[in-house]
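*Asks:* Could you have a look at this structure, given as structure tokens, before my questions?
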Amino acid sequence: MRKRINRALSRAKYAATGGAVGGAIGGLFSPKAASTAAGIGALVGAMVGEKWADAEPVVERAKESAKATAGDRLGSAE
């Protein structure tokens, strides 16, 4: 259940950000372009959020592994 909630929150967060950025960029041209760009930005943001929710655990494990490896190397140099 927690995984589903995290995925939904990630998707919503990135969709909102994408919609805001798209709307701002489209608003430079015209009101119609603003609404179209906001919709496209939200769609792209939702896809990015979905992918990030899947990739986040892998990225976190890689960070921890890199920290541990760097710690081992730094510890032996002292």
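*Asks:* Going by the conditions given, is Ala77 modelled with pLDDT under 80 and either of a type outside the set (S, T, N, Q) or within 22 Å of Arg2 (Cα to Cα) (or both)?
*Replies:* yes
*Asks:* Exactly one condition in (1) aliphatic (A, V, I, L, M); (2) open to solvent by less than 40 Å² (accessible area, probe 1.4 Å); (3) at pLDDT below 85 is false for Val59; which is it?
*Replies:* (2)
*Asks:* Residues in region 4-53 that are touching a residue at least 40 places away in the same chain (Cβ under 8 Å) and open to solvent by 30 Å² or more (accessible area, probe 1.4 Å): how many?
*Replies:* Going through region 4-53 one residue at a time, the tally reaches 5.
The values are calculated or read from the model by the stated rules, or taken from the named source; none is laboratory data. Since the structure is predicted, the reported quantities are computational estimates derived from the model, not experimental observations. Positions of Cβ are generated from backbone atoms using ideal geometry, with glycine treated the same way; all protein chains shown enter the neighbour counts. With ligands, DNA and RNA removed, areas are computed over all heavy atoms of the protein, side chains included. Shrake-Rupley method; radii C 1.70, N 1.55, O 1.52, S 1.80 Å.
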